[in-house]
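First comes the structure, then the notes that go with it.
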Amino acid sequence: MTAERASFRQVVQRVLADSWPPLAEYASSGALPPSAERLRKVSHGLGWWDLEDEDDGFAFASIAIQELGGVLGPGELLAGLCVNPVLPADPGGVACSWGSDPRRDAPPKLADGRVSGEVSWCLAAADDVERVLVFAEDDGEPVAVLVRSHGEGARLEEMSGSDPTRRFWRLVMDDAPLDEILARGDQSTALRLAVERRISVGLALDSLGIAKSALALSVAYAKIREQFGAPIGSFQAVKHRCVDMFVLVESADVLVEAAVASGDTPSIAMAKAAGCDAAAEVTRLALQIHGGIGYTWEHPCHLLVRRAKLNQALGGSARSLRRAVAGGLLAALGTDIPARGERR
């Protein structure tokens, strides 16, 4: 990491310490997720959402995303840092889908300047969602449009989930007038691919921050929690778990850094799979190290687990991503990926 990026990480950490509650205060606040108004204003004032205008901008934005993940930061900042910079429009207040099932979710239809259909899993604060990015079809042609979320024929419905630190919304459109057409045809397809890539990288970075926080919490707890007259960190079994967690974090860190640097599809797929799997496993081991206290509402450990499992579910499963990467490698070698259960 360059000196400039290290300095930027310190700035982000200071901003979060001043404008966002630490993990230990989440449960005692009585409201999840906490209000992000102050942090949102500070991040805008510091130009975090304009980092893409600079050379290697995402290398700096990725640091902010990872640090936000480590403190279970607000979803609207994650969405803004990841997706808005690739949109050919004013990024203010734009949300898009962070996860959908193509077998269940039919693409919205565009006809006579009006859109009908649904967009699932919009990650943002409802009050800030002015427009939603919708990838629709116009007589079979892919088209990317913006739709007013609170306008005629459109409504936002909050979706329930197991992670109380994130709020998702479903946009339901019934002949809703479109606000702006961003792209058509191949340009729309390319924009959708760019958005999906950035979402995958964002989830990988968010998960890496979660894993690092879970590891830090576990190591700190193992140093002070005593059993049989000695800190539990001195026990070999606990040491092994901490080492396993460290290896998972470092391995994921390498793959995520490679995805940020290259931006190609295979690297992003591997980073998303490794980052989300590492977060899920590290938080699981963190629960074991913390014992009963980790399962209580007053401790943030269970919130890290919930966020990790949510990230695993969004943007494609780790198994499907690794299978896609393997298929690409085999195709480059002139062979096909074996069908499930088939031997070669």
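The values are calculated or read from the model by the stated rules, or taken from the named source; none is laboratory data. The structure displayed is predicted, hence computed values, not measured ones. As a convention, Cβ positions derive from the backbone with ideal geometry for all residues, glycine included, and neighbour counts pool all protein chains shown. To get the accessible areas, we keep the full protein, side chains included, count just its heavy atoms, and leave off ligands, DNA and RNA. Shrake-Rupley method; radii C 1.70, N 1.55, O 1.52, S 1.80 Å.
What the table below lists for this structure:
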| read-out | value |
| --- | --- |
| Subset of the range 260-274 that is open to solvent by 20 Å² or more (accessible area, probe 1.4 Å) and among the β-branched types (Val, Ile, Thr) - its residue that is farthest from the chain's Cα centre (by Cα) | THR265 |
| Candidate set from the range 227-259 (those that are part of a helix (DSSP H, G or I) and polar (S, T, N, Q)); member that is most open to solvent (accessible area, probe 1.4 Å) | GLN236 |
| Residue identified as open to solvent by 20 Å² or more (accessible area, probe 1.4 Å), in contact with a Phe, Trp or Tyr (Cβ under 8 Å, 6 or more places away or on another chain), at pLDDT 85 or above and over 14 Å from ALA79 (Cα atoms) among GLU118, GLU157, GLU180, GLU141 | GLU157 |
| Tally, over the range 1-24, of residues that are closer than 21 Å to ALA214 by Cα and outside any helix (DSSP H, G or I) | 3 |
| Single residue of the range 303-331 satisfying the filter (assigned to a helix (DSSP H, G or I) and among the polar types (S, T, N, Q)) that is farthest from VAL282 (Cα to Cα) | SER320 |
| Unmet criterion (only one of (1) over 30 Å from GLU137 (Cβ atoms); (2) among the charged types (D, E, K, R); (3) not in a helix (DSSP H, G or I)) for ARG284 | (3) |
| Residue in the range 210-226 that is more than 26 Å from PRO22 (Cα to Cα) and either open to solvent by less than 60 Å² (accessible area, probe 1.4 Å) or under 26 Å from the mean Cα position of the chain (by Cα) (or both) present | no |
| Residue list for the range 288-311, restricted to those being over 28 Å from ILE232 (Cβ atoms) and of a type in the set (S, T, N, Q) | ASN311 |
| Near pairs, Cβ below 7 angstrom, 6+ apart or cross-chain, from the range 252-267 (farther than 12 Å from ALA59 by Cβ) to any residue that is in a helix (DSSP H, G or I) and open to solvent by 40 Å² or more (accessible area, probe 1.4 Å) | LEU255/MET270; THR265/ARG197; PRO266/GLY328; SER267/ALA258 |
| Those residues of the range 10-50 which are basic (Lys, Arg) and crowded, with 16+ Cβ neighbours inside 10 Å, in sequence order | ARG40 |
| Subset of the range 253-281 [farther than 17 Å from GLY69 by Cα and not aliphatic (A, V, I, L, M)] | SER262, GLY263, ASP264, THR265, PRO266, SER267 |
| Inter-residue pairs, beta-carbon under 6 Å, first free of Cβ contacts under 8 Å to residues at least 24 places away in the same chain and in the range 225-242, second loosely packed, with under 14 Cβ neighbours inside 10 Å, 6+ apart | PRO231/LYS223; GLY233/LYS223 |
| Residue in the range 206-219 that is assigned to a helix (DSSP H, G or I) and over 27 Å from GLY75 (Cβ atoms) present | yes |
| Pair list, Cβ < 8 Å and 6+ apart or interchain, from the range 321-336 residues that are under 13 Å from ALA269 (Cα atoms) to residues that are in a loop (DSSP other than H, G, I, E, B) and open to solvent by 70 Å² or more (accessible area, probe 1.4 Å) | GLY327/ASP336 |
